[in-house]
Structures are given as C-alpha cells and as structure tokens.
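The values are calculated or read from the model by the stated rules, or taken from the named source; none is laboratory data. Predicted model, so just to flag it, every value in this text is computed and none were measured. Every residue, glycine among them, receives a Cβ derived from its backbone with ideal geometry; neighbour counts consider all protein chains shown. Side chains are part of the model used for accessible areas, which takes the heavy atoms of the whole protein and leaves out ligands, DNA and RNA. Shrake-Rupley method; radii C 1.70, N 1.55, O 1.52, S 1.80 Å.
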Amino acid sequence: MGSTVIKNGTVVTADLTYKADVKIEGEVIVDIGPNLSGDAVIDATGCYIMPGGIDPHTHLEMPFMGTYSTDDFESGTRAALSGGTTMVVDFCLPSPGQSLLEALQMWDNKSGKASADYSFHMAITWWDEQVWREMDEVVKRGITSFKHFMAYKGALMVNDDELFASFQRCADLGALPLVHAENGDVVAAMTAKLLAEGNNGPEAHAYSRPPEVEGEATNRAIMIADMAGVPLYVVHVSSEQAHEAIRRARQKGMRVYGEPLVQHLTLDDSEYANPDWDHAAGRVMSPPFRNKLHQDSLWAGLQSGSLSVVATDHCAFTIAQKRHGIGDFSKIPNGTGGLEDRLAVLWSRGVNTGRLTMNEFVAVTSTNIAKILNLYPKKGAVLVGADADLVVWDPARKKTVSAATQQSAIDYNVFEGFELTGLPRFVLTRGQVAVIENEMHHQSGHGKFVAREAKNPVNQALSQWKDIVAPRKVQRSGIPASGV
Ligand code: DUC
Ligand code: ZN
Ligand code: ZN
Ligand code: ZN
C-alpha cells in the first residue's frame, strides 16, 4: 500500500504547535517530522494539521417523540466529515422494557452505512434485574458509557433509586455514567401549567425548563454519583447553575465532566421570540437556548477547564416534523442539527475571537473527549500509531452557513447566515481522503465501530465514600429496653 505525506503544514495538538510533515501508511500515522517523503503528497501550506473532531453526542435515525430524527448514519456521518469531524458517539436508545442487547442489534444494523468511525453510549431508559445483567454484556461489547435521562417523565426518565442503582453498576463495571440533567417532574408540572394557561407556542418550551431545573438535577446527579463512587459526565450543560455544580464538584476533587454544546455557546433565547413559528420551533431542544450570561459562563468554563468538551447533541428534524407540535409546544420534537458546523462555528466564535487558543480548541473538540471515553491515543491524537483521522484546517477559508448547501438531510440550519472564517481543506478518515474543500469523497460503509475499554477510575474524592462502601458498625454494651 502506498504512503501519503501531508507536507508544509503546522501540527496543532491539545498541547503543542509545531512545523512538521505527517506520514500515513494504510490507516495510521507512521511518521511525524521534517522533510518526509511518500508516494502521494497532500499540500497543507498555510494550514494546521489537527486530530479530526470527535462529536461525543449524536442521535442518528433515533425514534423520538413520535418520529425518527432525520439524519441517519449516512447523512449524519457525511455531514460530520464535511466539517472535519471524523468520529461520532451515538446514543443507543432501548425503548422502555426493551432488552439492551436487542436495541444494540438495531443500532448495529443502522450504522452499517456510516462513512466515519463511530461508537455508542447505551441509554438506561428503564430498570430491573435484566438491565442490570445486560449492562455487563454491553460493556464486553466495547460500550462503556451509560446515559440516563432525568427528564422526559413518562417516557425515558429514570428515578433517583434507578439512577443510584445504575451508577453503582457502572462503578462495578468500570463504566462511565452520563446524565441528561433536568428535573423531569418540575418540567412536566410547568409544561402542564403553561399549556393550561394557553401558552402553547414554541417560546413556552423555554419557560417550561428554566436553568434552575438543570442546576438542581445536575447537583443531584453529582451527589448520587459520589455516593455510588463513580465519575460522572453531564451532557449538554447549558446554564451557569449546572456549570456551578460541576465546578464545585471538581474543586472538591471529583471526576465530573461537563459538555456544553456549540449551539448553547453561540445562540441565545431570543431565537424563541422570533415571530416565525417555524424558526422558533426549529430551535426547540432540551435544554433550551439561554441568555447571554449563561453563554459567558460556558465560555469561561472552557477557558478555565471546568467544562471539558464541546458537542452538538445532533438530533435533526425537518420543519414538517417540527410542525407536529403546532398548538402544543410539548409535541415539537426536541432537537437541532450542528454536527456539520461544530468545528467551524467554534473556531470562528472561539479561536478567532481570542476566547480559545488553537490547542484548547483541539482539546475540547477531540482530545479531551478521546481521553474521557477511553479512545485515546487511537483517536484524538497526532501521534505515530494513531489512526490517521486528520483535518487539514485552513484558517483563511470562508463560508456563510446555509441550509441550501449543507450535507445534513434537514431543510434548515440553526446557524443560517453565520459568517465563518476557518474551514477544513482536507479531511482524512483512517488514511482515506474523504473531503477536499467542498468536494465529498466519502464512502458509505467505510466507518467502523470502535470498541472501548471499561477502565474508568472510581471516584474516591469525598471522605464519606469509604464509609458508604464499608460502614463501621458501632459495638454497644447494651441496648435500652423499648417503650416508656
Ligand atoms: N434533547 C434534545 O433536544 N434532543 C434529543 C434528546 C435531548 O435530550
Ligand atoms: Zn439530552
Ligand atoms: Zn442528546
Ligand atoms: Zn475530486
């Protein structure tokens, strides 16, 4: 097999920036250094050579709220590659009562058409002994993270006793629990009240789930994780309240990871005040967009390291699907796209504005994710032996985001009209060139499932933890007689 050398570029990793050529043979990086030669050359003059993006949070072709998310593993991974994301981690979602292994079979079937590599998180949407048992088999198949919904009452939500039991099981298995942290009981009550009072438009969606429901649930999940002795990953952190709970836990020494979304970093709640119903409904997702103060908090968290990764929660519905919720906002399928634009939007709004360094950009879009999910250094690295999942990033290329030219299969884009500077020139997936500027050379079926190891450390940060696993029984000389 011939070799390829990426020449004349600057390698940018999570901790280093240096001039070097990168040589690829087959699917992996075989050499990094000056003046390398190979059978084919990719010219990276003026560009940065970075690890491909990893989006740890997608919902492709997922049954949800009476429909299926429209981007599937074909259009979803194509969209990902076009924007420099070379791996996605998708949520396998058993319907309540369904076997985890049966759901996994469905996800295996759906993902065969992926053009980029992928892994799965398993959702725990119900609880009994069968689920407890199957979690072990799921881990053996290389799926070592379990997602829990604290919202979507009456559908996907799990209660605190189930959360605690599942977190303890994760601790036993060396797996990582994830939470969607919103207080589902309060959201359900607020939704009913708003609808009863005639507030049925998409703007009421945001009123039904204020930052407090997220802050409360985030803190509750953190405390339950600590009692279970397990690290915790909080998906789509959108508010200062949730961020504060994470900061506090980390400051105490707990392994708690926060994942803001690029949408929450760059779009705010004024979107719901748009008089066009379709526009506002197209932005309905959970948690909803917040005001600018929350956005500042999220950016600060990325800068200081209290928030670890940037994802999209890509769960894309067409406007026709969104219209299922006309007259009742609680029936608008929750979700937005973002997979395709995550890197470029974060670069333009983060790196070009000085809020993030290039190295921080690589850390939060790729390397940190790879480390937290035990994919590193196969993924998330520019190192000899790593998969050649690479993006050759041209900081001068420009585009205006438009649904008319996107790869995603839906008919709008939440970033419509964003002027972006900094885009991929080339994208490689395991050594194959999948993208050359606007040209797609991806190959459906090229994407492979990446199994992960269960090797999460237990959380032993708080002193009480040891007493919970090994309670000290007090020996007493006598027990008083009962009654008076
Ligand atoms: N939030 C969304 O907006 N969509 C998918 C699931 C979720 O939690
Ligand atoms: Zn969620
Ligand atoms: Zn999600
Ligand atoms: Zn071509």
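Separation of the stretch 1-51 from the stretch 231-292 is 36 Å, based on Cα centroids.
Remark: the Cα gyration tensor places the stretch 1-108 in the prolate category, a/c being 1.5 or greater and a/b exceeding b/c.
Ranked by the mean number of other Cβ atoms within 10 Å of their residues, highest first, the peptides 474-483, 55-64 come out as 55-64, 474-483. Taking packing as the residue-averaged number of other Cβ atoms within 10 angstrom, the listed peptides 280-287, 154-161, 216-223, 296-303 run from highest to lowest as 280-287, 216-223, 296-303, 154-161.
State in Å² the accessible area per residue of the stretch 55-163; use a 1.4 Å probe, count heavy atoms of protein chains only, and round to the nearest integer.
I get 30 Å² per residue for the stretch 55-163.
Using only Cα atoms and rounding to the nearest 10 degrees, what angle (0 to 90) does helix 184-196 make with the longest principal axis of the chain? It works out to around 90 degrees.
Any chance you could give the angle, 0 to 90 degrees and rounded to 10, that helix 211-228 forms with the longest Cα principal axis of the chain? Compared with the principal axis, the helix lies near 80 degrees.
Model label sites at Gln105 and Ser304, defined 7 Å from Cα along the beta-carbon direction, differ in position by 4.9 nm.
A simple charge model with +1 on the Cβ of Lys and Arg, -1 on the Cβ of Asp and Glu and nothing else charged puts the dipole of the chain at about 1200 debye relative to its Cα centre.
Tilt of helix 73-82 relative to the longest C-alpha principal axis of the chain, in degrees (0 to 90, nearest 10)? Helix 73-82 sits at roughly 60 degrees to that axis.
Solvent exposure of the stretch 393-454 amounts to 46 Å² per residue of accessible area, where only protein heavy atoms count and the probe is 1.4 Å. Dividing the summed helix terms, -39500 (n - 2.57) for each DSSP H run of n ≥ 4, by the number of residues in the chain produces a 222 nm estimate of -8500 deg cm²/dmol to the nearest 500. Inter-label distance, Ser3 to Asn291: 5.9 nm, where each label sits 7 Å from its Cα along the C-beta direction. Peptide packing for 105-118, 73-86 was compared via the average number of neighbouring C-beta atoms within 10 Å per residue; ordered from the highest value, the list is 73-86, 105-118. Relative to the current alpha-carbon distance between Asp185 and Ala404, full extension at 0.36 nm per residue lengthens the span by 74.9 nm. Among the listed pairs Lys193/Lys322; Lys322/Lys399; Lys378/Lys399; Lys110/Lys140, which have their C-alpha atoms separated by more than 24 angstrom in this model? Too far apart for the 24 Å limit: Lys322/Lys399; Lys378/Lys399.
Applying 1/(1 + (r/R0)^6) with r as the Cβ-Cβ distance of Glu419 and Asp161 and R0 = 60 angstrom yields a FRET efficiency of 0.75.
The residue among Val401, Phe449, Phe426 whose Cα reaches farthest toward the positive pole of the charge dipole of the stretch 342-452, with charges on the beta-carbon of Lys, Arg, Asp and Glu, is Phe449. Between Glu212 and Glu137, the simple label model (points 7 Å from Cα in the Cβ direction) yields a spacing of 4.5 nm.
Of the heavy-atom accessible surface of the chain (probe 1.4 angstrom), what whole percent is carbon and sulfur? That fraction is 51 percent.
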